[in-house]
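Please read the structure below before turning to the comments.
Read-outs throughout are calculated quantities, based only on the coordinates presented, and are distinct from any laboratory measurement. Note that the coordinates shown come from a computational prediction; the quantities given were computed from them, not determined experimentally. Virtual Cβ from ideal backbone geometry, glycine too; neighbours counted across all protein chains shown.
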Number of protein chains: 2
Amino acid sequence: MEKQIYGFYNYSMTDIFKIKELASTPVRVLVYEYLNEHQKALSLKYIESDLYDLDRSSIFRTLKTFVDHKIVHTIHDGSGSVKYALCQEGCNCDPSDLHFHFYCTTCEATYCLLDLPVPSVSLPTGFVISQANMVLSGLCNNCNS
Amino acid sequence: MEKQIYGFYNYSMTDIFKIKELASTPVRVLVYEYLNEHQKALSLKYIESDLYDLDRSSIFRTLKTFVDHKIVHTIHDGSGSVKYALCQEGCNCDPSDLHFHFYCTTCEATYCLLDLPVPSVSLPTGFVISQANMVLSGLCNNCNS
DNA sequence: AAACCAATGCAATAAAGTTGCACCTAACTA
DNA sequence: TAGTTAGGTGCAACTTTATTGCATTGGTTT
Ligand SMILES: [Mn+2]
Ligand SMILES: [Mn+2]
Ligand SMILES: [Zn+2]
Ligand SMILES: [Zn+2]
């Protein structure tokens, strides 16, 4: 149980919290495990509806904390609500760590396209990049038939 | 006046409305000219604050109509509000027509990087792309000094 | 045990987006 | 031309999402 392998990481959840210098708390454990089970980018509303015994603001602040500690990254897919997904091992949330996402306009799922890294682009003079939000949208494989 | 060259187009605004099969109305004219003057992606709130004699919902519906008629495209830059920018001549709002954007986290301006087209990526089997929202963020040339 | 501090739940609020409806206006019809 | 119609606009209400204040809880430190 304690040594179970979690998500994208070769570490247990407990180890990850230690590495990211974050106290392990009931809400954090539940939210982390929930994200880990789904392996997709999920909205606060979606998480809240499943973890209904937790308060929305607690989940919200937990996600914010996860973002601050680079345990999850956010995706703005145009659906109207922010999606959250677990980072991969070694992710520092720099553009070079990030990847494209795919938003299905039918089932509204948002996927991390882990094997599609953000390309390094040459920006106009004076522009300095620190973040990236790459979203393709259309039909996912489940909805395309 | 009537023959003035507007924005990205080699056509007058009146011509564009005809091409896009859209009636020319007072609000549409003002919103179009406003977007055209700024050559940037702007939020509803921002437009509203300048065109203060127009109603928010009228501007909102006008922008929606412009999007439907492919006169403007939307950008979700993570700022919390949708940005709108004029399309270029010949734009059909397909991914191949679209380009990267840059959101400055300091001045909150969103730029169309017209010379950075969306690359064609190979998606997993079964995924069909229809839209793209590419946003880099950081410091713009004005704020970087 | 007392003090402390972060986490949590609850409730209120802010911010953005959206809609119903009445009125207006300009184009069309008779 | 007068009447009719359809779409555009303004106003106000409302929905959804995001965010914050504050009191309470619960574990850790002194
Ligand atoms: Mn991702
Ligand atoms: Mn653009
Ligand atoms: Zn789908
Ligand atoms: Zn700037």
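Averaged over the residues of peptide B:77-84, the number of Cβ atoms from other protein chains lying within 10 Å of each residue's Cβ is 2. In a DSSP loop and with at most 12 other Cβ atoms within 10 Å, the chymotrypsin sites (Phe, Trp or Tyr not before Pro) in the stretch B:10-63 are B:Tyr52. Can you pull the percent of Cα pairs in the stretch A:23-87 with separation above 18 Å? Beyond 18 Å sits 25 percent of the P(r) for the stretch A:23-87.
With loop defined by DSSP as not H, G, I, E or B, and exposure as at most 15 other Cβ atoms within 10 Å, which is the longest segment of chain A clear of exposed GluC sites (Glu not before Pro)? Longest gap between qualifying sites, sites excluded: A:22-88.
In nanometres and ascending order, the distances from the A:Glu37 label point to those of the other copies are 5.5 (point 7 Å from Cα along Cα→Cβ).
Once the convex hull of all Cα atoms in chain A is built, its volume per residue stands at 139 Å³. The ranking of B:Cys87, A:Cys143 from fewest to most other beta carbons within 10 Å of each one's beta carbon is A:Cys143, B:Cys87.
Annotation note: trypsin sites (Lys or Arg not before Pro) in the stretch A:1-95 located in DSSP loop regions with a Cβ neighbour count of at most 13 within 10 Å are A:Lys3.
Annotation: amide H of B:Met134 within the under-5 Å range of A:Val135, B:His101, sequence separation 5 or more or interchain, hydrogens built in the peptide plane. Across the identical copies, the label point of A:Val67 (7 Å from Cα in the Cβ direction) is separated from its matches by 2.1 nm, in order from shortest.
Just checking the listed ones, B:Ile47, B:Ile129, B:Ile75: in the Gaussian network model of chain B with Cα springs under 10 Å, the one fluctuating most is B:Ile129.
B:Lys64 to A:Asp15: FRET efficiency via 1/(1 + (r/R0)^6), r the Cβ-Cβ distance, R0 41 Å, to the nearest 0.05?
0.25
For B:Val72, the residues 5 or more places off, or on other chains, whose built amide H falls under 5 Å of its own are B:Val67, B:Cys87.
Annotation for B:Thr25, label-to-label distances across the other copies: 5.0 nm (shortest first, one decimal, point 7 Å from Cα along Cα→Cβ).
Looking at chain B only, what percent of DSSP beta bridges run antiparallel? Nearest 5 please.
For chain B, the DSSP antiparallel bridge percentage is about 75.
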